[in-house]
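Here the structure is laid out as structure tokens; the discussion comes afterwards.
Values in this text are rule-based calculations from the coordinates and carry no lab data. Not measured: the values here are computed from a predicted model.
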Amino acid sequence: MAVKIRLKRFGTKKRPYYRVVVMDSRAPRDGRTIEEVGLYHPIEKEEKQVRLNVERIQYWVSQGAQMSNTIRRLYNKNKQ
């Protein structure tokens, strides 16, 4: 099974927010997830936009999960 770390969309039209999830790469965007590892609210204030569980993301990457381009950008910007 190919595992990806990517965004799952929630919210209404023109007011999106996303959950950062680990899921099978063949599953639909809003399909069943394996684990939720963070949140991304692009229209919030800068300090409230991203919350990531860095330890779990590192664990999944060590297990072979691939990050999407957006998640990689958010992760590199917000890791401690």
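Below are the figures for this structure:
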item: Proportion of all alpha-carbon pairs of the chain beyond 14 Å (%); result: 59
item: Qualifying aspartates and glutamates (Cα of each under 19 Å from Cα of LYS4; at least 8 residues distant if same chain); result: ASP24, ASP30, GLU35, GLU36, GLU55
item: Per-residue HN-Hα couplings for region 3-12 [Karplus 6.51, -1.76, 1.60; θ = phi - 60°; Hz; x = Gly/Pro]; result: 10, 10, 9, 8, 8, 10, 7, 9, x, 9
item: For the chain, built as a Gaussian network whose Cα springs stay under 10 Å, the top-fluctuating residue of VAL61, VAL22, VAL37; result: VAL61
item: Net lengthening on full extension, GLN49/THR70 (0.36 nm per residue, minus Cα-Cα); result: 6.2 nm
item: Top of ARG15, ARG32, ARG56 by mean-square fluctuation, Gaussian network on the chain, Cα under 10 Å; result: ARG15
